[in-house]
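Enquirer: The structure under discussion is supplied below as structure tokens; questions concerning it will follow.
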Amino acid sequence: MRLPGGFPADEFLAHYWQKKPLVIRQAFPGFQSPVSADELAGLACEDTVESRIVIENDNGSPWQLKNGPFPAEQFEQLPETHWTLLVQGLDHWVPAAADLLEHFRFIPNWRLDDVMASYAPPGGSVGPHYDQYDVFLLQAEGHRQWSFGGQCDEASARVEGTPLRILKGWQGSQTVTLAPGDMLYLPPSIGHHGVALDDCITLSVGFRAPTVDDVLTGFSDFLCLQPGANAHLGDPDLKLPDNPGAIPPDAIARLQEVITSRLGDTRQLTLWFGQFATAPKNTDVIVPADTQVTPTGLMQLMGEGGDLRWNEGSRFAYHEFDDSTALFVDGEQFILRGDARALAPVLCRSNVLSGPDIARLAEDAALAELLCKLVNLGHLYFE
């Protein structure tokens with residue numbers, strides 16, 4: 001497997017992933033932006049789309065942030081230069097942007113955050129900063145100059161008077177200019193600053209890992225919903241205490257046993273994490289199909305060569321247990337057994353599923369019902 005531009009994926013993971021930046025010239029030769037500046041502005045006016053505008057100098061205030069949705073006249077009030085429009089989750093709304101993600105399958109599906117688009121006129125940027133996620137910055141239109149380098153953290157100096165985390169006095173160690181089709185990979189905590197040299201669009205393909213807090217609170221909340229979680233702790237072997245104010249070691253040992261027995265259940269941890277990792281970022285994108293499909297209709301459509309496609313906002317993943325396979329779709333789990341287990345890897349490999357290939361698996365009545373459910377709920381649709 002190779003990265004866009006031909007760089008071997010195993011070498012990238014071994015020497016660059018979460019280690020150091022990498023510039024790939026013409027990762028996408030002849031690349032054409034899947035969205036125009038006007039279309040981005042239109043998306044930023046929609047209630048269901050997350051969008052922001054960053055203005056470098058807003059009437060004397062540095063690096064000011066405005067959150068969408070925006071009225072159309074907002075764009076007539078912006079200065080001619082030195083501002084940026086950011087549209088989050090572009091892959092949720094533009095199928096061509098979702099198709100870009102097929103070039104990044106060397107990273108597990110569960111690590112994907114989304115594709116963010118940024119439009120900027122000359123001088124536009126979001127300021128020098130660092131992120132806590134891995135990102136591939138693909139130049140889609142125009143030219144942007146990037147300076148990057150140096151590890152940053154919470155102790156790094158920040159500019160005052162702005163709601164953004166702008167680095168103060170930061171200087172990059174490397175500077176490159178990206179043209180359409182060029183791509184820059186940045187690992188977490190690396191300082192960077194991108195400035196538009198002309199009207200430009202940059203696509204940011206982000207990969208985020210959960211925080212320790214996400215894992216601890218998410219899994220414990222999940223365990224609290226499992227059967228038996230409301231049972232009270234018993235102490236039928238209670239001994240007469242020397243001092244009623246003392247908490248004896250055996251009480252702590254009992255608590256530790258309760259906690260470790262549940263936290264150590266790897267099957268429960270897997271089921272929670274599969275649901276957590278595939279929970280959709282934007283539930284407004286996943287809506288039930290207008291026309292409900294039946295197993296007979298499903299087989300007919302696939303038999304005619306119709307391909308199935310993931311909803312652009314959907315997330316698919318799976319895990320192989322010894323006796324079954326857990327399929328995770330948009331925060332839900334489906335346990336597959338026997339021959340049905342073959343469906344999960346096929347569903348999760350790519351965002352476009354060959355109709356004839358799926359049709360062979362759907363000859364199993366239970367799998368046909370499951371596929372119908374996924375289509376009818378809006379997780380899958382026919383192209």
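Enquirer: State the answer as a single residue: which of 90, 125, 297 lies farthest towards the positive end of the charge dipole of the chain, with beta carbon charges of +1 for Lys and Arg and -1 for Asp and Glu, about the Cα centre.
Expert: Towards the positive end, the residue furthest out is 125.
Enquirer: Could you calculate the contour length gain from residue 268 to residue 46, that is, 0.36 nm times the residue separation minus the distance between their Cα atoms, to one decimal place in nm?
Expert: Gain on stretching residue 268 to residue 46: 76.1 nm.
Enquirer: Taking θ as phi - 60°, what are the ³J(HN,Hα) couplings along segment 252-261 by the Karplus curve (6.51, -1.76, 1.60), each to the nearest whole Hz, with x for Gly and Pro?
Expert: 5, 4, 5, 4, 5, 5, 5, 5, 5, 5
Enquirer: In terms of the Cα gyration tensor, with a ≥ b ≥ c the square roots of its eigenvalues, is the chain rounded because a/c is under 1.5, prolate because a/b exceeds b/c, or oblate?
Expert: Note, shape of the chain comes out oblate.
Enquirer: Oh, and also: Scan around residue 279 for amide H atoms under 5 Å from its own, H built in the peptide plane at 1.01 Å from N, and keep only partners 5 or more places away or cross-chain.
Expert: Correct list: 331.
Enquirer: If you don't mind, another one. Points 7 angstrom from Cα along the Cβ direction at residue 32 and residue 19: gap in nanometres?
Expert: 3.8
Enquirer: If amide H atoms are built 1.01 Å from N in the plane of the peptide, which residues on other chains or at least 5 residues away come under 5 Å of the amide H of residue 311?
Expert: Under 5 Å from the amide H of residue 311: 380, 381.
Enquirer: Another question, then. Which residues' amide hydrogens lie under 5 Å from the amide hydrogen of residue 197, considering only partners 5 or more residues apart or on another chain, with H built in the peptide plane?
Expert: Close amide H contacts, sequence-distant or interchain: 123, 143, 144, 145.
Enquirer: Taking the alpha-carbon distance from residue 19 and a cut-off under 25 Å, which lysines remain once sequence neighbours fewer than 8 residues away in the same chain are dropped?
Expert: 168
Enquirer: When a/c reaches 1.5 or more, the comparison of a/b and b/c decides; with that in mind, is segment 215-264 rounded, prolate or oblate per its Cα gyration tensor? Intermediate values should be presented prior to the final figure.
Expert: Numbers: a/c = 3.00, a/b = 2.22, b/c = 1.35.
Verdict is prolate for segment 215-264.
Enquirer: Next question, about the same structure. Which of the aspartates and glutamates could a cross-linker span from residue 373 if the Cα-Cα distance has to be under 16 Å and same-chain partners fewer than 8 positions apart are dropped?
Expert: Residue 373 reaches 290, 330, 332, 363, 364.
Enquirer: What ranking do 247-254, 132-139, 1-8 get when scored by the average of other Cβ atoms within 10 Å per residue, highest first?
Expert: Result, highest mean first: 132-139, 1-8, 247-254.
Enquirer: Would you kindly derive the ³J(HN,Hα) couplings of segment 42-55 from the backbone phi angles with the Karplus curve 6.51 cos²θ - 1.76 cosθ + 1.60 (θ = phi - 60°), listing them in order in whole Hz, with x for Gly and Pro?
Expert: Result, ordered by residue: x, 4, 5, 8, 8, 5, 8, 9, 7, 9, 8, 10, 10, 10 Hz.
Enquirer: I've got another one for you. Of the peptides 331-343, 197-209, how do they stack up when ordered by the mean number of other Cβ atoms within 10 Å, highest first?
Expert: Averaged packing, sorted descending, gives the order 197-209, 331-343.
Enquirer: Provide the three semi-axes, in whole Å and in decreasing order, of the ellipsoid equivalent to segment 9-207 as defined by the square roots of 5 times the Cα gyration tensor eigenvalues.
Expert: 25, 22, 15
Enquirer: How large is the dipole of the chain about the Cα centre if only Lys and Arg carry +1 and Asp and Glu carry -1, each at its Cβ, rounded to the nearest 20 debye? Each step should come with its number before you reach the end.
Expert: On the way: 25 positive and 51 negative charges, 186 e Å.
Its charge dipole is roughly 900 debye.
Enquirer: Give the lysines reachable from residue 281 as a straight Cα distance under 17 Å; neighbours fewer than 8 places away on the same chain don't count.
Expert: Within the straight-line limit of under 17 Å, residue 281 reaches no lysines at all.
Enquirer: Could you tell me what % of all Cα pairs in segment 295-382 have separations over 21 Å? Intermediate values should be presented prior to the final figure.
Expert: Working: 786 of 3828 pairs.
The proportion of pairs with Cα distances above 21 Å equals 21 percent.
Enquirer: Which ³J(HN,Hα) values in Hz, rounded to whole numbers, follow from the phi angles of segment 102-113 under the Karplus curve 6.51 cos²θ - 1.76 cosθ + 1.60, where θ = phi - 60° and Gly and Pro get x?
Expert: With coefficients 6.51, -1.76 and 1.60, one gets 4, 7, 10, 6, 6, 10, x, 3, 5, 7, 5, 9 Hz.
Enquirer: Let me ask you something else. How long, wide and thick is segment 157-225, going by the Cα atoms along their three principal axes, in whole angstroms, largest first?
Expert: 53, 34, 23
Here, each number is a calculation from the coordinates, and none is a lab measurement. Quick caveat: nothing in here was measured; it's all calculated off a predicted structure. Note that each Cβ is placed from the backbone with ideal geometry, even for glycine, and that neighbours are counted across all protein chains shown.
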